[in-house]
Amino acid sequence: MNIFSANIDSLTELYNTELRKALDLEETIVKALPAMIEKSTDTQLKQGLQSHLQESEQHVERVRQLLDSFEDSTSIKCKVIHTLVTEAEDSMKDTTDVDVRDIAIIAAAQQVEHHEIAVYGTLKAWARLLGRTEDVSLIELIERDEKHADTLLTEISERVNSEAPIAKAA
């Protein structure tokens, strides 16, 4: 709970605030993905997560670039991503079967992707309203990567899900 309100009274201030949260979101993902890569056993999943880690590192730089025109460009904690990462860590700890763990990793990663797609879709709409056409182009690049990652995870899950045990052996 915040003791003091941020006193956001314009779309520009809201846009800046949400960009600063997006910076934390991407930095948090960059920190979380290596553990997911390490814990996954499916080769295609590992490769997909590794590729997305590299994209996320670029996203950090792109969001910083988006923030360059603002006086305050320090990150603000994105509570949603921290919760999703905690959930992912818990799932990885709780799963003992490697195939089930891969499924849990895919599910956690897709939850993150869906949140990112929503964040960047909103930021893109606001950038358009604010006439920030260069921002729109950068945000579209990030959004494209997030959608691609989600599509790839869906493709991997269709195979991985069918390989996992359905019920505990009696």
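A short reminder: the numbers here are calculations on the coordinates, not readings from a lab. Since we're looking at a predicted model, the values are computed, not measured. Glycine gets a Cβ as well: all are built from the backbone with ideal geometry, and neighbour counts include every protein chain shown.
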Options I103, I81, I156; residue that is under 12 Å from the mean Cα position of the chain (by Cα), assigned to a helix (DSSP H, G or I), under 17 Å from M36 (Cα atoms) and not polar (S, T, N, Q): I81
Any chance G121 is without any contact (Cβ under 8 Å) to a residue 40 or more places away in the chain and not in a helix (DSSP H, G or I): no
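Determine whether segment 84-99 contains at least one residue that is under 14 Å from the mean Cα position of the chain (by Cα) and not aliphatic (A, V, I, L, M).
Start the filter on segment 84-99 by keeping residues that are under 14 Å from the mean Cα position of the chain (by Cα), which leaves 84-88.
Checking which are not aliphatic (A, V, I, L, M) leaves us with 86-87.
Yes, segment 84-99 contains at least one residue that is under 14 Å from the mean Cα position of the chain (by Cα) and not aliphatic (A, V, I, L, M).
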Segment 33-68: number of residues that are free of Cβ contacts under 8 Å to residues at least 60 places away in the same chain, under 14 Å from M92 (Cα atoms) and of a type outside the set (D, E): 4
Pairs where the first residue, in segment 132-150, is over 19 Å from Q110 (Cα atoms) and the second is among the acidic types (D, E) and in a helix (DSSP H, G or I), C-beta under 7 Å, 6+ apart: none
Positions within segment 109-125 being over 9 Å from the mean Cα position of the chain (by Cα) and surrounded by fewer than 21 Cβ atoms within 10 Å (Cβ to Cβ), in sequence order: A118, G121, T122, K124, A125
Number of the condition not met by G131 [criteria: (1) in a helix (DSSP H, G or I); (2) surrounded by fewer than 17 Cβ atoms within 10 Å (Cβ to Cβ)]: (1)
Condition met for D72 (acidic (D, E), part of a loop (DSSP other than H, G, I, E, B) and in contact (Cβ under 8 Å) with a residue 40 or more places away in the chain): yes
